[in-house]
Amino acid sequence: MPKTLGESGSINVNFLYKKNKIYVSDNHLAAAWCWLQEIDVLQKYTFVHIDRHYDLINQPEEIEANIVERNIDVQNLNFEEYCGLKQDIEGLPDLIVKLFRWDNYIHHIDNLFPNLFGNKYFVTKKAGSKTEFVEDEYDIEHFLREFKHWIEYPKNGCIVNLDLDYFFASVGDLNSNCILMKQLKKWQRKLKRESMRLMF
């Protein structure tokens with residue numbers, strides 16, 4: 001990791017911080033690697049996505065060409081190796097395009113491990129492309145009512161995928177955003193008391 005922070009943009013990761021099973025980074029492309037450090041890919045997990053964007057660009061052909069056909073075991077890559085994965089652009093050999101990016105990491109993991117995600121709950125501002133991966137979509141008020149059932153009760157645990165850009169999407173949602181931030185602090189306190197299988 002760099003010693004000084006810079007602009008992350010779409011391809012750079014300036015920091016990745018872990019405490020217990022909570023990971024914090026300045027670029028969402030890191031999320032899939034973080035999940036792979038904590039989960040059993042043979043199990044099924046509830047997935048909660050709170051983000052301004054869907055992050056659902058789907059490129060199964062890229063996973064096939066750059067992971068499957070090259071026999072790469074993504075579960076055993078260190079973070080630098082994971083970030084170094086690239087997809088080739090025909091006719092542009094000098095163009096560097098990361099395989100895992102902030103807008104495609106969810107489908108990439110789903111294409112590699114199609115039985116990984118169980119119930120999927122999305123709370124977004126409906127930005128970006130929506131695919132059939134989105135089974136259930138809710139507003140933030142509904143999430144605040146139901147979060148206990150979504151997050152605390154799944155058999156094998158829950159992946160909570162949170163992007164802070166959700167909280168800065170519009171002034172009109174200020175009250176709900178403040179309520180959610182207070183709830184996140186409660187979860188943090190609960191994590192210190194219990195061994196919950198919860199990953200941000």
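The values are calculated or read from the model by the stated rules, or taken from the named source; none is laboratory data. Just so it is clear, the structure is predicted and the values come from calculations on it, not from any experiment. Heads up, the Cβs are rebuilt from the backbone with ideal geometry, glycines too, and the neighbour counts pull from every protein chain shown. These area figures cover heavy atoms from the full protein model, side chains too; ligands, DNA and RNA do not enter into them. Shrake-Rupley method; radii C 1.70, N 1.55, O 1.52, S 1.80 Å.
A few points about this structure:
- Checklist (1) of a type outside the set (S, T, N, Q); (2) at pLDDT 85 or above; (3) open to solvent by 40 Å² or more (accessible area, probe 1.4 Å) applied to ILE106, failing item: (3)
- Within the range 62-87, residues that are closer than 18 Å to ILE39 by Cβ reach partners that are open to solvent by 50 Å² or more (accessible area, probe 1.4 Å) with beta carbons closer than 7 Å, at six or more positions or on different chains, in the pairs ILE63/ASN111.
- Qualifying residues in the range 131-159 (those that are of a type in the set (Ser, Thr, Tyr) and touching a Phe, Trp or Tyr at 6+ places or on another chain (Cβ under 9 Å)) - the one surrounded by the most Cβ atoms within 10 Å (Cβ to Cβ): TYR138
- GLU135 being more than 18 Å from the chain's Cα centre (by Cα) and either small (Gly, Ala, Ser) or modelled with pLDDT of 75 or more (or both): no
- Restricted to the range 1-102, the set of helices (runs of 4 or more DSSP H) holding at least 2 residues that are at pLDDT below 95, surrounded by fewer than 18 Cβ atoms within 10 Å (Cβ to Cβ) and not charged (D, E, K, R) is empty.
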